[in-house]
Structures are given as C-alpha cells and as structure tokens.
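The values are calculated or read from the model by the stated rules, or taken from the named source; none is laboratory data. None of the values given here were measured: they were computed from a predicted structure. Methodologically, a virtual Cβ is constructed for each residue, glycine included, from the backbone with ideal geometry; neighbour enumeration extends over all protein chains shown.
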Amino acid sequence: MSSHWDRQVGGQHYKGMAIQPSQYIVANNIPWLPANAIKYLSRYALKGGLQDLEKALHYVELAIEDYKNDINRQASAGDSSAGIPRHINGGYADA
C-alpha cells in the first residue's frame, strides 16, 4: 500500500529529494513560519528560482519578528521561560 508521502499534487519538484520538506517539517514539529522558509529554500532551484528565495526570506523575516515579539511578551509578563520562545517551548498552540 502506498503512503500519502508518495504522492505529490502539482509537479515533481519534491519527488527527487531524499526527504520531502513536509516530512522533515512534521518529523521535527517545525512551526508554520520557519516551515514555509524550509519549503521554499528546498525547492527554489527546481521550481520558483529567485521568487522562491524571496518568499523564503520573507518567512524568515516574519519568524524573526515573531520570535522577538514573543520574547518581549514573555519578559513583560514575568514568564520564567522568558528568552525561550514558544516556538521552541511547545510550538504555536498557545498563540
């Protein structure tokens, strides 16, 4: 029986990879913003070129902004885990 990981809808740009970005992202519980950067960085040479690199950069910039906001929010709330962003300490479930 084939796995859902064996099927790709809309192209072949992930099929030749040793591990598909989505498998890596799921296996490592990577949140949405950095996950999208990984996806675009993984495929830029096979699909979107410069535009995919620009998309990846945009998601990295969003992740940096979110990371900084999260640390500031934790520090101002007196959270004992301040300095450990929620991305590392449980993902986005508490957003």
Exercise for review: Return yes or no: is L50 surrounded by 13 or more Cβ atoms within 10 Å (Cβ to Cβ) and modelled with pLDDT of 90 or more?
Suggested key: no
Check your understanding: Out of (1) of a type in the set (S, T, N, Q); (2) at pLDDT 90 or above; (3) part of a helix (DSSP H, G or I), the odd one out for Q74 is which?
Key -> (2)
